[in-house]
Amino acid sequence: MNTTLPKVVTPDHITHLSACEVFVFGSNLAGHHHGGAARMAHECFGAEWGVGVGPTGQCYAIPTMQGGIDTIRPYVDEFIEYAKEHPMNRFLVTRIGCGIAGFTDQQMAPLFFEARFVENITLPLEWKFEISELCYKAGIDIEKRQEEAFHIDVPEVITVESLQELCEKCTYRIGAGINKYQPPIAIR
């Protein structure tokens, strides 16, 4: 794997995490992590037995075994808000629901539509394609939407304080090597 490229897609096989990364996996409400990514989360990344929803260890559990797609949506929305509240972490969303739960990429990806525009959430490549296709069909300019989502206002005059504030806002981008949406800063 080329580590100099921006990390914008969840790898197919995750064997280790950096200190800031969070493994996002599909679980059951009881938090019995018997198989698939849930088992890996429990054995390798500290997911607690009996915790089926939310942060646990270096993971985040989203239940997928309790019914249809509509029962999963509130948990996905809750996760997206959690990720926004934790900008210093990078959330690696696995293909949750597409294994033991039996859903398809075409069913699961739309649930993560808004996650596509949260810079510290990475999605599986298949889901990014699905979401891009949905945007295309709906006439949504995905590049423009992303640019708007990642926009940061830059003051006309850069002071030490404003530069420090901008660096704090862009810490994740800088660390992940995402230069495309960095705010234009010129110091004279």
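The values are calculated or read from the model by the stated rules, or taken from the named source; none is laboratory data. In this text, all values refer to a predicted model and were calculated from it rather than measured experimentally. Heads up, the Cβs are rebuilt from the backbone with ideal geometry, glycines too, and the neighbour counts pull from every protein chain shown. Remember, those area values only see protein heavy atoms, side chains included, never the ligands or the DNA or RNA. Shrake-Rupley method; radii C 1.70, N 1.55, O 1.52, S 1.80 Å.
Listing for the model above:
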read-out: Qualifying residue in the stretch 28-40 (condition: within 14 Å of the chain's Cα centre (by Cα) and not charged (D, E, K, R)); value: no
read-out: Of all residues making up the stretch 71-98, the number that are acidic (Asp, Glu) and either touching a Ser or Thr at 6+ places or on another chain (Cβ under 8 Å) or at pLDDT below 95 (or both); value: 1
read-out: Selected residue (criterion: most open to solvent (accessible area, probe 1.4 Å)) from residues of the stretch 128-163 that are more than 21 Å from Val24 (Cα to Cα) and among the aromatic types (Phe, Trp, Tyr); value: Tyr136
read-out: Extreme residue, nearest to Ile69 (Cα to Cα), among residues of the stretch 96-139 that are in contact with a strand residue (DSSP E or B) (Cβ under 7 Å, 6 or more places away or on another chain) and part of a helix (DSSP H, G or I); value: Phe112
read-out: Tally, over the stretch 29-45, of residues that are open to solvent by 40 Å² or more (accessible area, probe 1.4 Å) and in a loop (DSSP other than H, G, I, E, B); value: 4
read-out: Considering residues of the stretch 116-127 that are under 13 Å from Thr94 (Cα atoms) and among the hydrophobic types (A, V, I, L, M, F, W, C) only, the residue most open to solvent (accessible area, probe 1.4 Å); value: Leu125
read-out: All positions within the stretch 56-73 that are under 17 Å from Ile121 (Cβ atoms) and surrounded by fewer than 17 Cβ atoms within 10 Å (Cβ to Cβ); value: Arg73
read-out: Lone unmet requirement of (1) open to solvent by 50 Å² or more (accessible area, probe 1.4 Å); (2) within 23 Å of Glu81 (Cβ to Cβ) for Ala109; value: (1)
